[in-house]
Amino acid sequence: MTAPAREPWREPPIGLLAELTHRCPLACPYCSNPLELTRRERELSTASWERVLEEAAELGVLQLHLSGGEPTLRGDLEAIVARARALELYSNLITAGVGVSERRLEALAAAGLDHVQLSVQDVDPAGCDRIGGFQGSLARKLAFARAVRRLGLPLTLNAVVHRHNLDRLERFVELALELGADRLEVAHVQYYGWALANRAALMPTRAQLDRSVEIVKAARARLGDRLLIDFVVPDYYATHPKPCASGWGRAVIVVGPDGRVLPCHAAHVIPGLVFPNVEEKPLRWIWQESPAFQRFRGLDWMREPCRSCARREIDFGGCRCQAMQLLGDPEATDPACTLSPEHARIMALAEAEAAAPPPAFRYRRLEPVPA
Amino acid sequence: MSFAPADRLVVARGVRVRFDPVRNCNVLLAPERVLFPCPTSVEILGRLAEPRAFGELVEGLAAEFDAPVEEIARDVEELLADLVAQRVVRVERGVAP
């Protein structure tokens with residue numbers, strides 16, 4: 001299936017998600033990286049990343065999200081941050097914060113880092129260790145968060161929530177306040193890749209979801225502008241699907257550790273798309289003209305009920321990757337949408353999983369190389 | 001939301017305003033957010049890079065634009081309330097000396 005030849009896309013991207021490495025000290029079962037991880041030998045060089053940032057700034061990217069894996073495992077992160085600052089990109093470090101010394105953080109701040117987003121898997125030390133698969137993780141994260149605040153950098157706590165930690169959500173809010181965080185992101189797991197493989201182990205019940213909505217609402221009312229709380233619901237329980245990445249190829253550009261460029265970090269699940277590499281093609285061409293980015297732009301690809309839907313330019317038919325993963329058809333209406341004929345079946349599946357005892361986690365690991 | 005002369009205002013941590021030559025406009029960058037501020041907001045945010053009392057901000061603008069303090073205060077108050085609601089500006093009530 002090939003998309004017809006189309007006009008180049010003129011709107012610039014807002015953000016670039018740089019997955020600098022897939023290496024990570026943690027092994028969270030809901031990791032957003034692909035099941036097939038990229039090895040260190042295939043990671044882009046410092047010079048290549050610097051060139052990518054220059055191309056990104058020229059294309060109109062404003063924000064740079066430095067992610068992974070664990071981005072601080074790249075020894076050249078300071079150089080990458082410094083380049084971003086020189087290009088006036090707003091840099092955001094997305095880290096697990098378990099192996100980062102205060103001296104390293106100082107160097108990153110000196111290089112011009114704008115913001116730090118720290119993941120906290122659980123406020124309970126044993127829970128934090130169990131989810132991340134790393135001993136003594138919480139104490140290290142707290143020490144890291146305090147160092148961030150000592151250096152005067154803005155801090156977001158990122159709490160990915162699911163059936164194992166939702167009952168402690170109020171304590172996440174307390175922790176964010178105690179640490180002097182500026183923002184708290186309460187993000188229900190989104191079920192792609194590793195998280196989909198672990199869905200039965202993670203899916204909350206409807207009652208748990210409803211309670212989390214109440215807690216966030218009450219905390220926002222109580223705290224006002226002391227703490228900004230962002231909330232992402234699990235879309236299985238939603239009425240309308242999420243406009244994934246604000247629409248395919250509309251706001252975000254993702255560059256993987258090996259230089260492959262995708263419209264969203266899960267897009268590799270869609271068969272038949274060729275994702276260009278920054279080592280072979282200019283970022284501008286990839287964004288404006290490559291078939292992979294053009295594939296689900298606009299409304300022409302849509303079928304019913306999306307095509308005539310009043311919300312077609314609000315949520316763009318939902319997530320193409322989710323339609324692919326759950327229905328095997330990337331052009332189908334996202335089954336998270338109540339208008340999808342498959343919605344009830346998928347929902348029933350999730351509710352049955354949430355009601356059953358959780359199976360063991362399948363931890364996110366780089367599999368050993370086959371002999 | 002209204003402001004007293006002694007309320008201290010400052011641009012929130014992590015907020016940066018710059019000109020974007022690609023979009024040919026000013027952009028406000030904050031954690032996980034990009035906004036497109038109007039020229040008046042840019043002027044105010046520039047003056048609030050360091051903490052400043054509301055009264056001092058208004059007097060400065062009145063002098064610069066040669067307009068009555070009351071008129072400036074009215075216009076600025078509305079804009080500031082919006083910036084505070086969006087957590088772009090932080091306010092501490094009645095602490096300025």
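With a Förster radius of 56 Å applied to the beta-carbon distance between residue A:149 and residue A:329, the computed FRET efficiency rounds to 0.75. Computed extension gain for residue A:356 through residue A:139, at 0.36 nm per residue and net of the alpha carbon distance, reaches 74.9 nm.
For chain B, the per residue solvent-accessible surface stands at 54 Å², with DNA, RNA and ligands left out and a 1.4 Å probe. With each label modelled as a point 7 angstrom along the Cα→C-beta vector, the residue A:214-residue B:40 pair spans 4.3 nm. Based on the alpha-carbon gyration tensor of segment A:85-235 and its eigenvalue square roots a ≥ b ≥ c, which shape applies: rounded if a/c is under 1.5, prolate if not and a/b is larger than b/c, or oblate? It comes out prolate by the Cα gyration axes. Counting only DSSP beta bridges with both residues in the protein assembly as shown, tell me the antiparallel percent, nearest 5. Within the protein assembly as shown, antiparallel bridges account for around 35 percent of the total.
Taking the accessible area of the protein assembly as shown, probe 1.4 Å, and keeping the other protein chains in place, the carbon and sulfur fraction comes to 53%.
If you sort A:239, A:38 by accessible surface, 1.4 Å probe, largest first, the order is A:239, A:38.
Estimated purely from DSSP H runs of n ≥ 4, each contributing -39500 (n - 2.57), the mean residue ellipticity at 222 nm for chain A is -9500 deg cm²/dmol once divided by its residues.
Size of segment A:186-296: Rg and Dmax of its alpha carbons, in Å, are 17.9, 52. Charge tally for residue A:177 (other residues, Cβ to Cβ under 14 Å; Lys, Arg +1; Asp, Glu -1): +2.
Computed from label points 7 Å out along Cα-Cβ, the spacing between residue A:7 and residue A:221 is 4.8 nm. Accessible surface computed residue by residue for segment A:210-343, with neighbouring protein chains in place and a 1.4 Å probe, gives 42 Å² per residue. With a Förster radius of 51 Å applied to the beta-carbon distance between residue A:178 and residue A:310, the computed FRET efficiency rounds to 0.70.
The values are calculated or read from the model by the stated rules, or taken from the named source; none is laboratory data. As the structure is a prediction and not an experimental result, all values here were calculated from the model. Ideal geometry is used to build each Cβ from the backbone, glycine not excepted, and the neighbour counts take in all protein chains shown. The protein model used for the area step is the full one, side chains on, heavy atoms only, and it has no ligands, DNA or RNA in it. Shrake-Rupley method; radii C 1.70, N 1.55, O 1.52, S 1.80 Å.
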